[in-house]
Structure formats: C-alpha cells, structure tokens
Amino acid sequence: MLVPNTNDKNLEHVAIIMDGNGRWAENKGRPRLFGHQAGARRVREIVESCPDLGIKYLTIFAFSTENWKRTQIEVSGLMKLFKRYIYKETKPLIDAGVRVRFIGDRVRLEESLVKLMDQLENLTKGNTEVNLTIAINYGGRDEVARAAKRMARDVQSGDLNVEKINEETIPRYLDTHVLPDPGLVIRTSGEARISNFLLWQSAYSEYEFIDTLWPDFTAEIFSSIVNEFENRERRFGGILK
C-alpha cells in the first residue's frame, strides 16, 4: 500500500535512471532483452503512483547517447520495444491523464519511431495529471552542445544579445525548457554515478542510489524514497537557520 506524500518541501519532479534490466535478466538465465521488457512494464506502475505521491513531473532515462555502443541485437531490440511500448501504452496513458514528452536527439532514430513519438506527444498534450518525460538518445553533454548551437544561431541572427547570456538564458535552449528542475534523482541497480543525465538540471538535485534492479523497483519502494525526501536538508549553498 502506498503512503501518500505529506512532505512540505514541494517535491514535484523526480527523475529516474532506470538501470539493471540486463543484469536482472542474466540473473534469471534469460536474454538481456527479457529484462528490458520487464523494465518497460514497471514504468506503468511508477507513473500511476505519481498522483498519490504528489509528483507532477517524472523523467525517465530510457536510452542514452552512449547506449549505441551495445550489441546490434540489443539496440535493435530496444528500438522495437520502444515502438511496442508506445502502441500498447497510448490508451492507458491518455486515460490516466498523462502528458508525454520525449527529450534527446531524434536525428539518429528511425523515422517510424520518431513518428510514433510525435503522435504520442500530440495525443497527450492536453493531459495534466502527470507529466512523463522519456529520454531517448539523450546525453547531458549532447543536450548542452545542441543548446549552444541554437544560442549561437540566435546570436548570429540578432535575436539574442551575447552580453545578456546568463544562467537564466541557457535553460531556455535545453530540451527540458518547459520543465522544472528535478528535486530528486534516483538511480537503481547499485551504480553510484549520474551517467551524463540531466547535467545542468540536476545541479541542486538530491540523489538516491539504491541496489534494487529496475524491474524490481516497485511503487512501494518509490513511495518510501519520496517520503524520505522530507528529511533531507536542502541548503542550495546557504546555511540553515
């Protein structure tokens, strides 16, 4: 049973590095794609738990710019899995009032997948219950580089004064420009690194690294972590009084 979030620290955005699908499958003597399939099923449970926990924004790391280094079989299988996920989850997401956005560089993705992503974004754009952002072919450094190119073009065209570029300017050019920064970033599977995920946005985020593999990450575990957030002292560079 989920424990509703009663904290008063306004945790509205949680980001998750969903790690451990392959190891979960290997531990069971199954192919890595079996783990990815189990991980995809877990996403629905976590998304559905967000309203009770007061979470308005959930961002999940589905495929990084570095994941292309994996075997062709695994990459191809993941791309097919993304398509199946969109086909299968479109109606449940709409019915649950979930708005879906995708971040990352779409240039390298198959045209058929990009079309499905565009359609899902359009079909859910009026939903307000939960904002689900899915990072596909995403890397924090790549995102900043693409943002820099967009800023350079605006400077070149005269739409942006280079002398007025500051910390408030840059976020407007990031993939996440319509989202608040995450207050909490969770990584599953026991790895304690951020893996090029939301580098700019998570500058002041709290981090939680847990040993649980993603396919075993339940709504109850999620609820426990979110409720623990209220015990953290967030100073943002200042001193608590």
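The values are calculated or read from the model by the stated rules, or taken from the named source; none is laboratory data. Note that the coordinates shown come from a computational prediction; the quantities given were computed from them, not determined experimentally. With ideal geometry, Cβ positions are generated from the backbone for all residues, glycine too; neighbour counts draw on all protein chains shown.
Exactly one of these conditions fails for residue 137: (1) out of contact with any Asp or Glu (no Cβ under 7 Å at 6 or more places or on another chain); (2) part of a strand (DSSP E or B). Give me its number.
(1)
So, in region 57-81, of the ones that are hydroxyl-bearing (Ser, Thr, Tyr) and closer than 17 Å to residue 32 by Cα, which residue ends up surrounded by the most Cβ atoms within 10 Å (Cβ to Cβ)? Spell out how you get there, then give the answer.
So the first thing to find is which residues in region 57-81 are hydroxyl-bearing (Ser, Thr, Tyr), and the list is 57, 59, 64-65, 71, 76.
Next, only the ones that are closer than 17 Å to residue 32 by Cα stay: 64, 71, 76.
Numbers: 64: 20, 71: 9, 76: 13.
Of everything passing the filter in region 57-81, 64 is surrounded by the most Cβ atoms within 10 Å (Cβ to Cβ).
For region 56-80, how many residues are farther than 23 Å from residue 140 by Cα and either hydrophobic (A, V, I, L, M, F, W, C) or in contact with a helix residue (DSSP H, G or I) (Cβ under 6 Å, 6 or more places away or on another chain) (or both)?
Residues that pass the stated criteria total 2.
Quick one: in region 89-105, which of the residues that are part of a strand (DSSP E or B) and without any contact (Cβ under 8 Å) to a residue 40 or more places away in the chain is farthest from residue 33 (Cα to Cα)?
Of the residues in region 89-105, the ones part of a strand (DSSP E or B) are 98-103.
When the remaining residues are screened for being without any contact (Cβ under 8 Å) to a residue 40 or more places away in the chain, the result is 99-100, 102.
Numbers: 99: 27, 100: 24, 102: 22 Å.
Taking the candidates together, the pick is 99.
In the list 86, 46, 60, 73, which residue meets the criterion of being assigned to a strand (DSSP E or B) and aliphatic (A, V, I, L, M)?
Values: 86 fails: assigned to a strand (DSSP E or B); 46 fails: assigned to a strand (DSSP E or B); 73 fails: assigned to a strand (DSSP E or B).
Selected residue: 60, the only one of 86, 46, 60, 73 that is assigned to a strand (DSSP E or B) and aliphatic (A, V, I, L, M).
Among (1) touching a helix residue (DSSP H, G or I) at 6+ places or on another chain (Cβ under 9 Å); (2) on the phi > 0 side of the Ramachandran plot, there is one condition residue 29 misses while meeting the rest; what is its number?
If we test residue 29 against (1) touching a helix residue (DSSP H, G or I) at 6+ places or on another chain (Cβ under 9 Å); (2) on the phi > 0 side of the Ramachandran plot, just (1) comes out false.
Has region 147-157 got at least one residue that is in a loop (DSSP other than H, G, I, E, B) and over 23 Å from residue 196 (Cβ atoms)? Don't jump to the end; show me each part of the working.
We begin by selecting, within region 147-157, every residue in a loop (DSSP other than H, G, I, E, B); these are none.
Scanning region 147-157, I find no residue that is in a loop (DSSP other than H, G, I, E, B) and over 23 Å from residue 196 (Cβ atoms), so the answer is no.
Quick check on region 106-123. Is at least one of its residues modelled with pLDDT of 95 or more, outside any helix (DSSP H, G or I) and acidic (Asp, Glu)?
yes
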